[in-house]
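Let me begin by presenting the structure, written as structure tokens, before commenting on it.
The values are calculated or read from the model by the stated rules, or taken from the named source; none is laboratory data. Not measured: the values here are computed from a predicted model. Cβ sites come from the backbone with ideal geometry, for glycine too, and all protein chains shown count toward neighbours. Heavy atoms of the whole protein, side chains included, go into the accessibility calculation; ligands, DNA and RNA do not. Shrake-Rupley method; radii C 1.70, N 1.55, O 1.52, S 1.80 Å.
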Amino acid sequence: EVKLVESGGGLVQPGGSLRLSCAASGFTFSSYWMHWVRQVTGKGLVWVSRINSDGYSITYADSVKGRFTISRDNAKNTLYLQMNSLRVEDTAVYFCARELVTKSNRFDPWGQGTLVTVSS
Amino acid sequence: DIQMTQSPSSLSASVGDRVTITCRASQNINNDLNWYQQKPGKAPKVLIYASSSLQSGVPSRFSGSGSGTDFTLTISSLQPEDFASYYCQQSYNTPRTFGQGTKVEIK
């Protein structure tokens with residue numbers, strides 16, 4: 001079964017740091033681009049960052065550029081999101097997703113999400 | 001960045017109704033348009049990719065159409081399990097932007 005499982009969310013104070021992990025199983029992790037997407041409770045989906053299969057091509061949303069760092073360990077089948085200088089507005093559920101490129105690009109599957117709460 | 005605009009933002013419908021959701025891109029994205037379904041507390045799930053291709057395992061009552069800037073998701077006969085939020089997403093370039101979502105509620 002193709003599966004993604006996020007962990008590492010929690011409560012952190014403004015200005016603090018958190019590292020999210022996304023453990024992949026059931027597929028050849030090192031062959032796929034991976035993404036992070038976040039969602040404020042009751043709001044829509046917002047793309048955050050992506051990393052290519054070997055980790056050398058990375059893109060960020062303007063809202064997190066310079067504060068968040070995406071990375072991957074293909075030996076451990078794990079995707080990461082290091083979040084520094086956290087702001088109240090970063091509070092959201094964070095999903096990791098695989099980019100499937102058969103015929104066209106789409107996100108499948110997604111992890112179940114991990115909640116990050118930034119509050120004093 | 002490419003802006004994706006969905007309409008309506010919410011709708012009320014009954015079981016058996018035909019439902020149509022539209023999505024407009026701020027520039028030409030060819031047919032690089034995906035549709036996702038999300039139920040409360042769950043991860044999104046892809047329904048349609050490349051504008052009109054049905055993802056494996058998705059019921060045939062879901063269909064998509066369009067190209068360029070204007071796209072449509074249609075549910076031919078709404079079922080109880082279809083009450084959820086729906087999002088379009090462009091895969092033409094990065095960032096892979098999403099529409100703001102359409103919540104389909106029970107009438």
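Measuring from a point 7 Å past the Cα of A:Tyr56 along Cα-to-C-beta, which residues in the stretch A:21-35 have an amide N at less than 20 Å? Residues A:29-35 fall inside that zone. Considering only beta bridges that DSSP places wholly inside the protein assembly as shown, some 90 percent are antiparallel.
When chain B is treated as a Gaussian network with alpha carbon springs shorter than 10 Å, the biggest mean-square fluctuation among B:Ala25, B:Ala50, B:Ala13 belongs to B:Ala13.
As a quick test, which of the pairs A:Lys43/A:Lys103; A:Lys43/A:Lys65; A:Lys76/A:Lys103; A:Lys43/B:Lys45; B:Lys39/B:Lys107; A:Lys103/B:Lys107 have an alpha carbon distance above 26 angstrom in this structure? Exceeds cut-off: A:Lys43/A:Lys103; A:Lys76/A:Lys103; A:Lys103/B:Lys107. Taken over the protein assembly as shown, the alpha-carbon convex hull comes to 114 cubic angstrom per residue.
Summed over both chains, the accessible area lost when B and A associate is about 1600 Å², using a 1.4 Å probe. If you model chain A as an ellipsoid using its alpha carbon gyration tensor, with each semi-axis the square root of five times an eigenvalue, the axes come out at 23, 14, 13 Å, biggest first.
Semi-axes of the equivalent ellipsoid of chain B are 22, 14, 13 Å, computed as sqrt(5λ) over the eigenvalues of the C-alpha gyration tensor in descending order.
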